[in-house]
Structure formats: C-alpha cells, structure tokens
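Below is one structure, written out as structure tokens; the observations come after it.
The values are calculated or read from the model by the stated rules, or taken from the named source; none is laboratory data. Bear in mind the structure is a predicted one, so any value in this text is a computation, not a measurement. Every residue, glycine among them, receives a Cβ derived from its backbone with ideal geometry; neighbour counts consider all protein chains shown. Ligands, DNA and RNA are stripped out before the accessible areas are found, and what is left, the full protein with its side chains, is counted by its heavy atoms. Shrake-Rupley method; radii C 1.70, N 1.55, O 1.52, S 1.80 Å.
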Amino acid sequence: MNGRGALHWLLPAAALLLAGCASMAPPYERPPPAVAPQFPTATPDTAGPAAADLEWRQVFTDPRQQRLIELALQNNRDLRIAALNVEQAQARWQIQHASLWPTVSAGIGGNRQALPNGNTATTYSAGLLVTAYELDFFGRLRSLSESAQAQAVSAEEGRRATQIALVASVAAVHLSLLADDELLKLTQQTLETRIESLRLTQLRFDNGAASELDLRLAQSVVSSARAALAQVQRARAFDENLLVLLVGAPLPPDLPAGAASLAAMPAFPTLPVGLPASVLQRRPDILASEQQLIAANFNIGAARAAYFPQVSITGSAGRISSDFAGLFNGGSWGWSVAPQLLLTLFDSGRRDATNRLAEADRNTALASYDRAVQTAFREVSDALAGRDTLSEEAFHLQETSNAESARFRLVDLRYRNGVASSLDLLDAQRSLFVVQQLALQSRLAQAQNQVVLYRVLGGGWSETSTSAKAP
C-alpha cells in the first residue's frame, strides 16, 4: 500500500472504531416524581389546551400589558444573560465534541544533522500530521461530550424558565400598578371626605355644638388619611421602578391604552390542570434540573472509563526531499503511524476519588431534581388553592364594602342632622376605608394568582423548540 492509500484509510478506520465505542455510563431512567399522584385541591382536567401550550399573547390580551411584555423580552438583562449562558454552554459542547475527531495539521519543516564521516545531511518535509488522536474505545470522550450536550440543553431550559418568570413578573407588576391607581383614587376620595368632615366639625366647634375632643379626633383622621396617601404614592413609585427594571429601559410615552382598572382587564382563560406527572414535566426549570442529572450520569461514565487503557495514534503523511526546491517536484512520498497504549498503574487513588466524586455529583443532582419537582408541586398546589378561595374572598369583601358604604351614607346623614356623634361618623369612615382597601387587595391577589397559575403550569413560552437537542 502506498502513502496516499494509507492516509486514505487511516481516518475512516478511526471513525469506525469511534462509532463502535461503548459507553461506561450507567443507563439513565427518569426518576419517578417524589410527590403525590394528584394535586390536593384539584381533580385532573385535560379539557382544553394546557397552559404550556398557550403562548403568552393568548393569555395576556390587554394591549398595554402585551406591549410591556414585548419590551421586556427585548431589553431585560436577566433574559439576555440567560441567552448568553446558552451560547457559552453550546460552545463548551462543541469544544468537547471536537475531541471525538482527529485534529489534522499541515506543515513544512527541515532537519540538518551531522554524520559520522563529517558530512551533513539535510532533509525537508511537507505534509499532514495527526498528533495523539485518542481512540475512544471505552467511551470516555463520548461521555464527556454527552455531558456537555446535556449542560447545553439545561442552559436552554434555563433560558425558557427565565422568560416564563419574566412574562409573569411584568404581567403581575402591571396589575399592581392598576391596583395602585385605584387605591390612590380611593385614598384621595377618603381624604376629601375626611376634610369635609373636619370642616363641619370645625364649624360645629366654633358654634359650640362640638367639643374640642371631636375637633382633635377629626384632625387626627385627616392626618392619617394624608399619611395613607403618601404611602400609596410611594408604593406606586416602587412598582413603577420595578416595571422599568423588568422592561430594561425607560417606559416609552407612546404605550397603547389599556384597561383603566382591574375590573376592566380582559377575562383570564380557564387553565386545565392534569396529573402532576404530566404537568410538572412541562416546566422548563424541572427539565433543566433533569438535564443536570443526565450530565452527572455521563460524568460517571467518563470516570469509569479512566480505569481502562487510553489508545492514541500519531500519524503523518507527506513528501520528503533532500532539496527544498525538489520538495514539491520530485520528492518522495512517505507516511508513518505510531500507535500508543497507555495504562495507569498507580495514581495515589486519583481515579477512585474521581469516581466517588462523580457518584456524589450524580446523587446531588438527583436530590436537586427531586427538590425542583417538590417545589413545583407546592407552587401549583398553592396557586390552585388560591384559585379556589380568592374568588369567594373577593366576592364577600365586595359585599362587605357595599354594606359599609351604605352604612357610612346613613351615619353621615344622621351626623349632618345632629343625630349621630362624630365618633359614629369617624368609625364609619375608618371601617369603610379599611374594607375598601381589603376588597381591592383581594381582587389584585385574585388577578395575580391567575398569572402565577399560568406560570407554575409552564406557560409563558413563545417558541416551539429549543436551540440544543437533548441527548
């Protein structure tokens, strides 16, 4: 066989040997969910599309809310970092995968040496060189490549989880701002009412019909209303600052008009809830944790393969000539192959420690996966409990608010006619304001719980495939 034929068969033969390599990684099976087979407050329901199959635009239909989410997906830095983490993980995967194939170099060299007879010999060479290409008979490199690939998929699932959390956070803060505006308006109305009551009390005090105690009490409730107004203004500023942070840029002045209150928001779709085994496996944070477990499983294979010999080949093929000018003209063709088998006999327990470390990493990844499943189960259960109770709570608080509003009107009428005391009026004002605040907070909690349920069921993603393929 001439040199060209040897080079022609060398690389395909190495590739065939590589394809037949056996992996030392233990067989992987998805761990059973370490949770109850059914959510505690819901019966399995598969009618309609699952939350994970609904794009966020199908759920959040308010124009202003949609635009805020779009801006956040374009500018949010956390999402940008998650995307860059995916690029880094994919680059590491590509680097590790390249070790499965030989690195071929081309070069030109010269050599001059003294001969025993006093003369010198000069040779020139030009050709291709493969240095220390490892034949992966026991799957060490393959396991490392599969582990890096699982890490890349985990990073991609992490990006999806970040996007889902971002969409839900923007929607929830938008709802908080609507509630802040309603509460601000309510507090201003309460302040105006108490100022009017103070004016009447001051008038009665000047005419001797009210005591100084009544006057001081009226002044006190006005001051408390002003303090409540400052608190609401501060809370609204905090929520707006949080929204700017989530959006990743100052809010543009040309945002489309949207709902002016929580009650005017578009109806939220009913989300079916299936069994935990099917629901939780749609969540990208759980899928990311599982990919970490898969990566740790492949690392065990790489650690086990270290107990076996490493076989490598160094080869070269090219032209050799004693004259540089004739290197590319009449130089002779030559090739060389130098296989090497290396078996470690003593390493002071390094391989044993590496294997134990890989086993411990896998057990840690398994515990992390179980914790992710249990955390997700609890989040879904909490959201379902909120869905079952918050609507009833909001209804009864609104009924209480209506009753307190009617009571305040009657007491105010009696006070103006001199029948009720100022204490009765102030008590009615306080009760009405407190109940109105509670009713508004309950409506906000109900709306935000719907957003949370959509998120914990895996909703909020807007693409149908990932950038990396799972092993």
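Can you classify segment 115-272 as rounded, prolate or oblate using the Cα gyration tensor, where a ≥ b ≥ c are the square roots of its eigenvalues, rounded means a/c under 1.5, and otherwise it's prolate if a/b beats b/c and oblate if not? Display every interim value, and only then the final one.
Numbers: a/c = 5.12, a/b = 3.71, b/c = 1.38.
Prolate is the answer for segment 115-272, as a/c is 1.5 or above and a/b outweighs b/c.
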* Efficiency of FRET from Cβ geometry, Phe346 and Asn111, R₀ 35 Å, rounded to 0.05 -> 0.40
* **Global geometry of segment 144-202, whether rounded, prolate or oblate, following the gyration tensor of its Cα atoms and the 1.5 cut on a/c** => prolate
* Dipole magnitude of segment 126-250 about its Cα centre (Cβ charges: Lys, Arg +1; Asp, Glu -1), debye to nearest 20 -> 200 debye
* **Charged-residue dipole, Cβ positions (Lys, Arg, Asp, Glu), the chain about Cα centre, Debye nearest 20** => 1000 debye
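Quick one: of the DSSP bridges fully inside the chain, what percent are antiparallel, nearest 5?
100 percent
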* Asked: In Å², what does the accessible area per residue of segment 41-180 work out to with a 1.4 Å probe?
  -> 48 Å²
* For the chain, just list the percent of Cα-Cα distances falling in each 20 Å bin from zero outward, please. => 17, 32, 24, 15, 8, 3, 0
* Asked: Once the whole set of protein chains is in place, how much accessible area is left on Thr41, using a 1.4 Å probe, in Å² to the nearest 10?
  -> 60 Å²
* C-alpha center-to-center spacing [segment 218-284, segment 192-208] in angstrom -> 37 Å
* **Cα-based helix-to-principal-axis angle, 3-19 vs the chain, degrees rounded to 10** => 40 degrees
